[in-house]
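Visitor: Quick one: the structure is below, and I'll ask about it shortly.
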Amino acid sequence: MLLRAPAYLLVLLLVPADLLAQDPPEYTQAVKLVQEQHWAEALDHIHSLQKQYPGNPKLENLEGLALLGNGEPRKAAIVFEGILATHPDFFPAMKNLAILEWETKQPQAAEHTRQALRVGSKDPILNAYAAIPDLQNKNTASAKQHLDLAGDAVSAMPPQIEMRLAYLLGTNGLYPESARVYGDIVEHGGQGPTLTYNLSLAQYLAGDYEGAIHTLEQAKSQRPSQDELNLLAQAYEKNHQTQLAIDRLREAIALFPAEESNYLDLAAICIDHNAYPLGIEIVQLGLKNRPRSEKLLFQFGVLHALLGQFDQARDEFRTAQKMAPGKDLPVAALELADIQQNQQTIQELRRNLKQKGDSAILCYLLGSSLIRGGAQPGTPEYAEARAVFRRAIRLDPRLPYPYIELGKMYEEVGKIAEAIPLFEKAAVLGPRDPAAYYHLARDYQKLNQPQKASQMLGKVKEIERQSREFEHEGLTKPGG
């Protein structure tokens, strides 16, 4: 990792030039010695001046800086703390102490930074540091304000702290800002596989696919890692360079044949481009290296189902279920494969639900099967469907589909007022699913609320437009 000039040396510039001009020549000489990093000579000179000017905060601040440069951070902290004991608003000492505490990982660094900003609210370097506790507390709005005030001062932070800032920006979803900070570290000489990957990932998540490609391709002069090749493939696919994405995933498979994510991502590209037979070949290759992978088996079943080969799909889903007996997804896929063939699934679903009574997905599938099987209002099957939809909502309040199905049941019996809150909840939980908005548009129209109905229809049209773009671009997810 790179080396930079210590950030605290910049604090010498805190004392305005006109004030320096009023200081005796001896003080100016001491400042010069510190700036030239002649630490021992500077300390001797400062101690001599302190006999003439005892308790002078500027001299003591200069002593603290010289002690820092001389490799004595604890003594420097004591000096800065002593200044603030007698001159609590002396800003140079406040700033130096806060920066020193960040560099030595002291728990009070954030609080002392906040106190210093009360005196110098627009100080760039302090604002850079202040963004860190904001991000730790998920206060992204405040962090962005501090970073705007910090500007280029972020570059003055020690590399390990700047890396921490970049990481926190990324984990808070501020991907463009994270990419800029990682990029700054690279520009100042930072290097290493972790830094390269984090920079490219931040660029990818920020939508800068060309930037991510450039970063990763530059790093390929060395042996690329599995994660780098996989991310590079995703970036190429997002950038509409599908063949290059395929090439990188094939390279990753050759170098890391036991890593299932590469087979899954390559199969996903095949699905996106309707190349199902090729996808099956890829998954078969993956299963040779990972024969017990439930994810590959599940993908195998999906591809056969897409080809209309439901018997084979069911076999793969059953095998995937055996590989991952505690997971609902293979069971759900198995039932859906059966539904596609219009086979009787209700008894099987009831049996699975009895064995695993806490599955919201199975509750939803049972209710859907009952409704699709012709359950009518007033029948026991209809009441059972309503009960399992409600149970699914209790088990997993974040699953949008039971809300939609329950809302449709209320619509069917004319209870529009009861249906609307369910559709509204589903729209919040699944904002990319047009079904909830479509039903809301119809129900608002029935309640003679044309403005709301028009807004919901607008949502439906926007979702459909985005869906067409998604299908056209053939997007895949990073990291499998």
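Visitor: Within the range 354-384, can you find the residues that are in a loop (DSSP other than H, G, I, E, B), of a type outside the set (Asp, Glu) and surrounded by fewer than 16 Cβ atoms within 10 Å (Cβ to Cβ)?
Guide: Result: Lys356, Gly357, Gly373, Gly374, Gln376, Pro377, Gly378, Thr379.
Visitor: Quick one: in the range 85-107, which of the residues that are of a type outside the set (Val, Ile, Thr), assigned to a loop (DSSP other than H, G, I, E, B) and touching a helix residue (DSSP H, G or I) at 6+ places or on another chain (Cβ under 6 Å) is least open to solvent (accessible area, probe 1.4 Å)?
Guide: Going through the qualifying residues, I end up with Phe90.
Visitor: Looking only at the range 373-394, filter to residues that are among the charged types (D, E, K, R) and farther than 19 Å from Ala419 by Cβ; which one of those is modelled with the lowest pLDDT?
Guide: Among residues in the range 373-394 that are among the charged types (D, E, K, R) and farther than 19 Å from Ala419 by Cβ, the one modelled with the lowest pLDDT is Glu381.
Visitor: Residue by residue through the range 252-296, note down the ones that are of a type in the set (Lys, Arg) and either surrounded by 15 or more Cβ atoms within 10 Å (Cβ to Cβ) or modelled with pLDDT of 90 or more (or both).
Guide: Residues satisfying the conditions are Lys288, Arg290, Lys295.
Visitor: The conditions are (1) within 21 Å of the chain's Cα centre (by Cα); (2) closer than 24 Å to Lys75 by Cα, and Leu168 fails exactly one of them. Which is it?
Guide: For Leu168, the exception is condition (2).
Visitor: Ok, one more. Would you check which residues across the range 126-173 are more than 23 Å from Gln108 (Cβ to Cβ) and outside any helix (DSSP H, G or I) and list them?
Guide: Passing the criteria: Asn172, Gly173.
Visitor: Something else: Can you confirm whether the range 220-231 contains a residue that is touching a residue at least 60 places away in the same chain (Cβ under 8 Å), open to solvent by less than 30 Å² (accessible area, probe 1.4 Å), hydrophobic (A, V, I, L, M, F, W, C) and assigned to a helix (DSSP H, G or I)?
Guide: The answer is yes; a qualifying residue exists.
Visitor: Could you list, in sequence order, the residues of the range 110-119 that are more than 14 Å from Leu84 (Cα to Cα) and surrounded by fewer than 16 Cβ atoms within 10 Å (Cβ to Cβ)?
Guide: If the condition is that a residue be more than 14 Å from Leu84 (Cα to Cα) and surrounded by fewer than 16 Cβ atoms within 10 Å (Cβ to Cβ), then Glu111, Arg114, Arg118 are the ones that fit.
Visitor: Could you list, in sequence order, all residues of the range 188-197 that are under 13 Å from Glu162 (Cα atoms), part of a helix (DSSP H, G or I) and open to solvent by 30 Å² or more (accessible area, probe 1.4 Å)?
Guide: none
Visitor: Name the residues in the range 38-66 that are open to solvent by less than 40 Å² (accessible area, probe 1.4 Å) and either polar (S, T, N, Q) or over 52 Å from the mean Cα position of the chain (by Cα) (or both), would you?
Guide: Once the filter is applied, which keeps residues that are open to solvent by less than 40 Å² (accessible area, probe 1.4 Å) and either polar (S, T, N, Q) or over 52 Å from the mean Cα position of the chain (by Cα) (or both), the range 38-66 yields Leu49, Asn61.
Visitor: Hey, His240 hits all of (1) under 24 Å from the mean Cα position of the chain (by Cα); (2) closer than 26 Å to Leu135 by Cβ; (3) assigned to a loop (DSSP other than H, G, I, E, B) but one; which does it fall short on?
Guide: His240 satisfies all of (1) under 24 Å from the mean Cα position of the chain (by Cα); (2) closer than 26 Å to Leu135 by Cβ; (3) assigned to a loop (DSSP other than H, G, I, E, B) except (2).
Visitor: Do we have any residue at all in the range 174-187 that's within 27 Å of Ser121 (Cβ to Cβ), in a loop (DSSP other than H, G, I, E, B) and open to solvent by less than 30 Å² (accessible area, probe 1.4 Å)?
Guide: Yes.
Rundown of residues vs (1) open to solvent by 50 Å² or more (accessible area, probe 1.4 Å); (2) assigned to a helix (DSSP H, G or I); (3) β-branched (Val, Ile, Thr); (4) free of Cβ contacts under 8 Å to residues at least 12 places away in the same chain, yes/no style:
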{"residue": "Arg386", "(1), (2), (3), (4)": "yes, yes, no, no"}
{"residue": "Arg390", "(1), (2), (3), (4)": "yes, yes, no, no"}
{"residue": "Leu399", "(1), (2), (3), (4)": "no, no, no, no"}
{"residue": "Ala427", "(1), (2), (3), (4)": "no, yes, no, no"}
{"residue": "Ala435", "(1), (2), (3), (4)": "no, yes, no, no"}
{"residue": "Tyr438", "(1), (2), (3), (4)": "yes, yes, no, no"}
{"residue": "Lys461", "(1), (2), (3), (4)": "yes, yes, no, yes"}
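The values are calculated or read from the model by the stated rules, or taken from the named source; none is laboratory data. Being a predicted model, the structure only gives us computed values, none of them experimental. All Cβ positions, even for glycine, are placed from backbone atoms using ideal geometry, and neighbour counts span all protein chains on display. When the accessible area is computed, the model is the full protein with side chains, heavy atoms only, and any ligands, DNA or RNA have been set aside. Shrake-Rupley method; radii C 1.70, N 1.55, O 1.52, S 1.80 Å.
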